[in-house]
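Here's the structure, in structure tokens; my notes come after.
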Amino acid sequence: MEKCVKEVFTDFTDGQNLLEATISNVNLYKKQDKLQVDIISKKPITIGEIGKFENYLQNRMNIGKTLTNIKYEDVEIEQNIEENWSNIISYITSKEPLSRAMLTNSTVEKSEQDLNVNLKIKGAEFLCSKKFDKGLEHLLQNVYNSKYTVKIKDCLDDEYY
């Protein structure tokens, strides 16, 4: 029997849309110190809500990593990635602090189903080796309910050199 987030985690109070979502599956990976929660939502869930929920789970369950997978049922979500880029960077750098320096001042360009991340300092090779592009694709799927192919590029200007 599926339950709402607010029924299972009664002391979590942030994010109304997330609270009303239904939990479909929970997996604990002890060796990886990771908790995965799959939820189904009928309303858009913001990146801020996901971040707060994952932080809550890490602290409440005393777990190293958390992963939230969201499936949407008949939800139309505005694709405002460019406007939310700073929030996306904040979420990512809270999970992967090493990426902060490379992502600061980066820009993003969206076209059809492609998303180009333009870095102002050298770091594309490092981020790709850490599968940052795949993680960002997963995050965008969760937040915007759309599949994007992420490409990370070093766009160094004269000031860098």
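What follows draws every value from the coordinates through simple rules; no lab data is involved. Just so it is clear, the model here is predicted, and its values are computed rather than measured. All Cβ positions, even for glycine, are placed from backbone atoms using ideal geometry, and neighbour counts span all protein chains on display.
For the reader, a short list of remarks on this structure follows.
- Among the listed pairs K65/K134; K95/K134; K34/K130; K52/K120; K95/K153; K30/K151, those beyond 24 Å (Cα-Cα): K52/K120; K30/K151
- The magnitude of the dipole of the chain, with charges of +1 and -1 set on the Cβ of Lys/Arg and Asp/Glu and taken from the Cα centre, is near 820 debye.
- Ratio Rg/Rh [Cα only; Rh per Kirkwood] for region 95-161: 0.97
- Counting only alpha carbon atoms, the long axis of helix 132-144 and the longest principal axis of the chain meet at about 50°.
- Cα-based helix-to-principal-axis angle, 85-95 vs the chain, degrees rounded to 10: 70
- Gain upon complete extension [L156, E82; 0.36 nm per residue less C-alpha separation]: 24.6 nm
- Cβ-based charge dipole, the chain, positive-most Cα from T107, V8, Y144: V8
- Dipole orientation for the chain: of the candidates Q79, G135, V37, V37 has the Cα lying most toward the positive pole (charges on Cβ; Lys, Arg +1; Asp, Glu -1).
- Using alpha carbons only: equivalent-ellipsoid semi-axes of region 21-76, gyration tensor based, whole Å: 22, 12, 7
- MRE, 222 nm, helices only [DSSP H, n ≥ 4, -39500 (n - 2.57), over the chain, to nearest 500]: -9500 deg cm²/dmol
- Structure-derived semi-axes √(5λ) of the Cα gyration tensor in Å - corresponding label in (i) 29, 18, 16; (ii) 30, 18, 13; (iii) 24, 17, 16: (ii)
- Pairwise label distance in nanometres, I121 with H138, each label 7 Å out on the Cα-Cβ vector: 2.6
- Centre-to-centre, using Cα atoms only, region 37-54 and region 1-23 are separated by 10 Å.
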